[in-house]
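Note sheet for the following structure.
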Amino acid sequence: MKCDPNLYRGAPPSFAVKPRLLRNLLLPLLIILLTIGLGYAGYRISEHFGIRTLNESGERQLELHARTVESELSKYTYLPSLLELESSVSQLLADPTAQNRVTVNQYLEGLNRRSRSRAIYVLDTTGRVVATSNWRDTDSYLGEDLSFRAYFQDAVRGQPGRFYGIGSTTGEPGYYLAHGLEEQGKIIGVAVIKVRLEALEERWQRARLEAYVSDENGIIILSSDPSRRLKSVRPLTAEIKERLARSLQYYWWPLIELQPLASEQLGEGVEKVTYAANPGVETDNKEVSYLAQTRRLNDTPWDITLLTPLQDLRREAANQGMLVAVAFALLAFLLIAWNERRKVIATRLAAREALQAANSQLERKITERTAHLRASNERLKDQIRERRQAEDTLRLAQDELVQAGKLAAVGQMSTSIAHELNQPLAALRTLSGNTVRFLERGDLKVAADNLNTINNLVDRMGRITANLRSFARRGEDHGHASLSKAIEAVLQLLASQLETSGAHLQRDLSDAELKIDQTRLEQILVNLISNALDAMQGQSTPPQLWLEGEHYEGKYRLRVRDNGPGINPENRKHLFEPFFTTKPGEQGLGLGLTLSASLAAAAGGSLSVEFPQAGGVAFVLLLPLVQPAKAEPI
Ligand code: ADP
């Protein structure tokens, strides 16, 4: 199949290479980028949905724990106001005698024990502690001036005093609830209860919950993680710092800001925060991310924040992202493999189509070629038929020529034949006349001798004419000839010529049965011998003629050699051409050698010429044997 060269002519080679190179370089890069991109997207989406789920479950948990904290706080809300009902308290405030103080102290001590609070105490309107549940302790609040405390200042104004702070006496943190004790619409003192909320923290720790409660100043007052306790969740202004220092709410605590490494607001009260890992906690990561959900605690200015670690979620999201990336990479690989396979199949299909096209083209060509061959076969058959006809015509013409040649030879020989016959005829005339006279004389013996001689002469004449007749007769391609008989007949035919030339004949041959018509063999020999005699005519050296025969490679080779003048090189080329003759006038027709050669060839033999060193010419006649027989010398 031929490719269309125009398809590739448009672009120079450098441009033709580039797109493939670019594709080979860009495709893997693109796949890598897409894998990373999709992996990251998978990670983000998984994280997003994970956070949403966490948020939902976190909200429920936050609600649960907020309620717990609220109920824990509300347990003590009404306790300070109960002291209003206690007459000993109002008596003490009205009349702070030692007796009254002991009574109230004991009452408070008992109340404190039952309520499991940290301390319960009563202040007068100046802020001095007049009775306390811990009156027996060495670090008792008794007599202490707590007028600087915000809860006192609120309560003395008739507002509920809520306060988380560190005790100025014990240095112990606690939740202070204060209530202004009224009598006849007038504040006569303040009742305070201090509660420890560590139980909540312990409960969170047991539940492995991360949570904290921050107060109105943004200071973490309760935390599952002790390291976060008393740190501020938002920056404190200088004014707030000063106020806090004055009220000694957190004693002299430094109030460091809990600064997240990163934070992201996800919604109302929902934030994603990252803190540096707690040095005390053993973890692989240097930072820890949380989902921080914050809610206001009812009846307080406090917020509870639930921290849900995002570590597991992140790990899960990373796995999901990885899964997406791997799935995409696999898909890309499969697509590439599928594409490559598609290309291979397309190439195979194209190759198959090309093969089919080539096949059908080949078949078409074969059909065309077969048709041509058939046509040329027909033409060849016609030609063969024509050649056969021509051969037949030629053979006919050849036969005619042979016949003509023979007749020509007969014509040539007629003079010598006439001479040959004239002699015995003259002798016959003389002998017959003499015989008549001898008979008349009665000389019977001489007459009988004459008649015998006449008989012999008639025989000789008969033989001459018989030879002539047989020579002139048409022959066949495939006959049998006796070499000895042929030589005898020819020598008789040419006897007078031999005698005239005075040539010396030497025979060195054996008899053989040859595969050639008898008359044709004789005709060849007549031609060769008479040519030799003609050539040697009138030469000074005594003419010699050799007839040499031998078996040669399953055939018989007869050499007719003379010591004549030979043939000059120019004439040698034309020897076997028809009508080539050097003989003058009507002596030569130029058909002898041509006919002889064609007769030999027709019999399956050949006629060739040699030029011996010694001079003269030797014609070599090679003829097939009837059967290779041991021949007798002739
Ligand atoms: P023709 O005898 O009629 O000339 P041939 O074909 O027999 O025709 O011979 C052709 C010629 O070959 C002769 O004319 C003669 O010149 C030459 N030739 C043939 N035989 C001999 C020979 N033995 N020696 C010399 N020349 C020869």
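The values are calculated or read from the model by the stated rules, or taken from the named source; none is laboratory data. Everything numeric here is computed off the predicted structure, so don't read it as measured data. In this analysis, Cβ positions are derived from the backbone assuming ideal geometry, glycine residues included, and neighbour counts consider all displayed protein chains. Heads up: the accessible areas ignore ligands, DNA and RNA and are worked out on the full protein's heavy atoms, side chains in. Shrake-Rupley method; radii C 1.70, N 1.55, O 1.52, S 1.80 Å.
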Could you check how many percent of all C-alpha pairs in segment 98-206 are farther apart than 16 Å? 57
Quick one: if the Förster radius is 41 Å, what FRET efficiency do L444 and L421 give, using the C-beta to C-beta distance and rounding to 0.05? 0.90
Looking at the chain, which longest stretch skips every one of the trypsin sites (Lys or Arg not before Pro) that is in a DSSP loop with at most 13 other Cβ atoms within 10 Å, leaving the sites themselves out? 287-472
From the cross-link list K485/K555; K231/K286; K485/K515; K555/K583; K231/K272; K515/K583, the entries with a Cα-Cα span beyond 24 Å are K555/K583; K515/K583
Expressed in nm², what is the orientationally averaged projection area of the convex hull enclosing the Cα positions of segment 91-155? 4.4
Rg [Å, one decimal], Dmax [Å, integer] - segment 502-585, C-alpha atoms: 14.5, 42
Leaving ligands, DNA and RNA out of it, rank I219, I454 by accessible area with a 1.4 Å probe, largest first. I454, I219
Here P(r) for the chain, Cα-Cα distances in 10 Å bins, as whole percents, is 3, 10, 12, 8, 6, 4, 4, 4, 4, 3, 3, 3, 3, 4, 5, 5, 5, 5, 4, 2, 1, 1, 0, 0, 0
If you average the sequence gap of Cα pairs under 8 Å that are 6 or more apart and divide by the length of the chain, what percent do you get for the contact order? 9
Rounded to the nearest angstrom and ordered from largest down, what semi-axes does the equivalent ellipsoid of segment 191-230 get from its C-alpha gyration tensor (root of 5λ)? 19, 14, 7
Would you rank L394, L244 by solvent-accessible area, highest first, keeping every protein chain in place and using a 1.4 Å probe? L394, L244
Provide the solvent-accessible area of Y212, counting protein heavy atoms only and rolling a 1.4 Å probe, rounded to the nearest 10 Å². 20
For the chain, the charge dipole (Cβ of Lys, Arg +1; Cβ of Asp, Glu -1; about the Cα centre) points to a positive end, and the Cα of H504, N24, F152 closest to that extreme belongs to H504
Report Rg(Cα)/(2.2 N^0.38 Å) for segment 289-352, keeping two decimals. 2.46
Eigenvalues of the Cα gyration tensor times 5, then square-rooted: what semi-axes does that give for segment 488-536, in whole angstrom, largest first? 21, 12, 9
Per-q log10 I(q)/I(0), segment 528-631, q = 0.14, 0.22 Å⁻¹ (Debye; single scatterer per alpha-carbon; no solvent): -0.59, -1.26
Normalised alpha carbon radius of gyration of segment 209-302 [divisor 2.2 N^0.38 Å]: 1.14
Please compute one quarter of the surface area of the Cα convex hull for segment 230-362 and express it in square nanometres. 15.5
Along the dipole axis of the chain (charges at Cβ: +1 for Lys and Arg, -1 for Asp and Glu; origin at the Cα centre), the most positive-end residue among T594, G110, Q259 is T594
